[in-house]
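Heads up: the structure comes next, in structure tokens.
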Amino acid sequence: MGNRMSSLATSFLRNQCPQQRLAQGSGDESCGLVQDSNIPSACMDNYYTSFSLEGRMVMLIGGVNDGVKLFGEMLFAYPFQDVDFYLPQLVNIYLKRPEASSLLDHYFVVRCLECPEFANELRWLLAAYGCEKSFELTPKKALTIGQKFSTEKVPEQTQEEFINSLLAIGRNLKNIHTKEERTHKLKLGLEALNRSLPADVWVPLYAGEMKHSVLRIPEDCGCVLNSKNKAPYCIYVEVLREQSGEIGDSRTSTESKQMLHTPDDPSASVMSEPWHEKVARIRAESPYGSDPRWYLLPVIVKTGDDLRQELLAYQFLTVLQDIWKDENLRLTLRPYKIVVCSEDSGMIEPIVNACSLHQIKRNLILHNPGRKTPPTLVTHFVYNFGHIDSESFQDAQVNFVRSCAAYCLACYLLQVKDRHNGNILMDAEGHIIHIDFGFILSTSPQNLGFENSPFKLTSELVEVMGGEQGDMFLYFKALLLKGLIAAQKHYRRLVSLVEIQMMGSKLPCFQAGKSTLEQLEQRFLLNESQDKLLKVVDSMVDTCLDSFRTRCYDTFQYLTNGIL
């Protein structure tokens, strides 16, 4: 498996970048590790990692000089998981800076030879980011349904054909417009795919989390998600781990009761089932469930959308969360993993044990038909966590405030738009979680720039905090201030993510050109004193609280899409 996938990516590197041929043979000094018998390897590792990886990448895009000529070799001193996180940036440098690509050739080839998962992701990213230079992949043979994924039947294409089969199901569903028919076609597609399983293939979203192979995909557990023009679908994949035992996983961190859902929305029914109950049910029904290495992985497959902006947002939120953790701040983000399979397809990690604010409010209305006033999120909190004076309510309230402050800052820095209640979730512990980062930085729905508030903060959200005069609202504003100060201290880590990806890119989020980066830096308010920052935070909160434009946008979404 490793050699097959490695040859795919290595071949792609050679074919797509002829101006930077990979060195042949071990005698090429450009590909050999720079060694000095007088310098201990540990000292060299310390020297290489004394500079941040982000900083070295920024130096690289500024031009190749003596200080960065060893960049490719320096990468080996960093943990693989750290380098893999920045793979989109490295790929963009590789494609947009021919003079720097030779510095990365050796690292890419060695990693491809050692790790088929890395080879697979590298190949996809090269294709997705290289598409702006009209790079084309070699056409591949289609999978024969019912044929086992194996080295004998489909050499060098096992994993690729498995993913292509999942993407093909999504593309076929786009042409079907009724929920019932889409659900039926999804089931048929998964049944056909299961005839080629089990196999030595894996789910890319979780490749870095654990080694595993796919057993089956329960047909009756999948669902097509609500979307006007696309047909993203969610599946639950049974896998066999290389090692048994518990995994540190947020999906298994808490037990919760099932959130209310409406009978006319099958996707809400599937997604609202508590994760621990879903795992137990599917395991009991599975022919492989008795194996201690059995595990369940959720996946959203999406076609017809460019997920590269989503991937950038995931990176930004992940680094921001790491910064706050390093600064011992209790601000909570929940970045969800993204895998880009091409310029118009990919996979998204579902947020389990969560429901959109729209769905929560809709469920409350339908389950309380005699209620004279529209239900609010406080009603949901009381229903799920108990009386407002109870410990469980207050614990959930703290989670709500910490996550709300975190996403307010993230949305402010990234200028996240399209913040209607269908794109904001709440989990079973009270955390707010934002999804769908298709409009960030320089882009907005229809490019109108209608949502001009720094972030979304409605009176309904403040009500959950106990009102504007409550202690939790003051705590919320204190978290905003502390979170912004912490982000200031490490702003280069965040800005460099955007700076490198902006290079030569035609993504909509960079359509404003250099001003995109300039405005991002300005939002960190680097030259302001702490007293001035306090006033700025207060001003932002006042501006955002029930902003006229925010209310207008929510009204527009209600009138056009029925989003509460």
>> Just to verify a result, which residue in the stretch 514-528, among those that are outside any helix (DSSP H, G or I) and under 24 Å from the mean Cα position of the chain (by Cα), is nearest to Val83 (Cα to Cα)?
In response: Phe524
> Looking at Glu343, Glu327, Glu349, which one is within 23 Å of Met472 (Cα to Cα) and modelled with pLDDT of 90 or more?
Replying inline: Glu327
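Please tell me if Ala9 is loosely packed, with under 13 Cβ neighbours inside 10 Å, among the hydrophobic types (A, V, I, L, M, F, W, C) and at pLDDT below 75.
Working: loosely packed, with under 13 Cβ neighbours inside 10 Å: no; among the hydrophobic types (A, V, I, L, M, F, W, C): yes; at pLDDT below 75: yes.
Here the answer is no, as Ala9 does not meet what is asked.
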> If you check Val382 against the conditions, is it outside any loop (DSSP other than H, G, I, E, B), surrounded by fewer than 22 Cβ atoms within 10 Å (Cβ to Cβ), of a type outside the set (Gly, Ala, Ser) and in contact (Cβ under 8 Å) with a residue 24 or more places away in the chain?
Replying inline: no
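Among the residues in the stretch 162-178, are any under 30 Å from Arg111 (Cα atoms), polar (S, T, N, Q) and modelled with pLDDT under 80? Explain how you work it out, then say what you get.
Going through the stretch 162-178, the residues under 30 Å from Arg111 (Cα atoms) turn out to be 162-168.
Pick out the ones that are also polar (S, T, N, Q) and you get 164-165.
Now drop any that are not modelled with pLDDT under 80, which leaves none.
So far as the stretch 162-178 goes, no, none of its residues is under 30 Å from Arg111 (Cα atoms), polar (S, T, N, Q) and modelled with pLDDT under 80.
Okay, residues lined up against (1) in contact with a Pro (Cβ under 7 Å, 6 or more places away or on another chain); (2) modelled with pLDDT under 95; (3) loosely packed, with under 12 Cβ neighbours inside 10 Å:
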residue	(1), (2), (3)
Gly504	no, yes, no
Cys509	no, yes, no
Lys514	no, yes, yes
Leu520	no, no, no
Asp531	no, yes, yes
Leu545	no, yes, no
Tyr558	no, yes, no
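Suppose we keep only residues that are of a type in the set (A, V, I, L, M) and out of contact with any strand residue (DSSP E or B) (no Cβ under 8 Å at 6 or more places or on another chain) within the stretch 345-377. Which one would you say is surrounded by the most Cβ atoms within 10 Å (Cβ to Cβ)? Step through it out loud before you land on a result.
Initially, the stretch 345-377 is screened for residues of a type in the set (A, V, I, L, M), giving 347-348, 351-352, 354, 357, 360, 364-366, 377.
This time we only want the ones that are out of contact with any strand residue (DSSP E or B) (no Cβ under 8 Å at 6 or more places or on another chain), so: 364-366.
On the way: Leu364: 19, Ile365: 13, Leu366: 13.
Looking at residues that are of a type in the set (A, V, I, L, M) and out of contact with any strand residue (DSSP E or B) (no Cβ under 8 Å at 6 or more places or on another chain), I get Leu364.
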> What are the pairs, 6+ residues apart or on separate chains, where a residue within the stretch 333-357 that is more than 24 Å from Leu173 (Cα to Cα) has its Cβ under 6 Å from a residue that is assigned to a strand (DSSP E or B) and of a type in the set (Asp, Glu)?
Replying inline: Asn353/Asp427; Ala354/Asp427
> Tell me, which helices (runs of 4 or more DSSP H) lie completely within the stretch 391-505 with 2 or more residues that are assigned by the TED database to the domain that holds Phe524 and closer than 27 Å to Gln557 by Cα?
Replying inline: 391-414, 459-464
> What number goes with the only condition from (1) modelled with pLDDT of 95 or more; (2) surrounded by fewer than 20 Cβ atoms within 10 Å (Cβ to Cβ) that Ala410 does not pass?
Replying inline: (2)
>> Checking the condition in contact with a His (Cβ under 7 Å, 6 or more places away or on another chain), modelled with pLDDT of 55 or more and of a type outside the set (Gly, Ala, Ser), which residue from Leu240, Leu297 passes?
In response: Leu240
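Given the criterion surrounded by 22 or more Cβ atoms within 10 Å (Cβ to Cβ), more than 25 Å from Gln309 (Cα to Cα) and at pLDDT 95 or above, identify the matching residue among Phe473, Phe400. Break it down into steps so the answer makes sense when it comes.
Values: Phe473 fails: surrounded by 22 or more Cβ atoms within 10 Å (Cβ to Cβ).
Unique residue meeting the criteria: Phe400.
The values are calculated or read from the model by the stated rules, or taken from the named source; none is laboratory data. Quick caveat: nothing in here was measured; it's all calculated off a predicted structure. Virtual Cβ from ideal backbone geometry, glycine too; neighbours counted across all protein chains shown.
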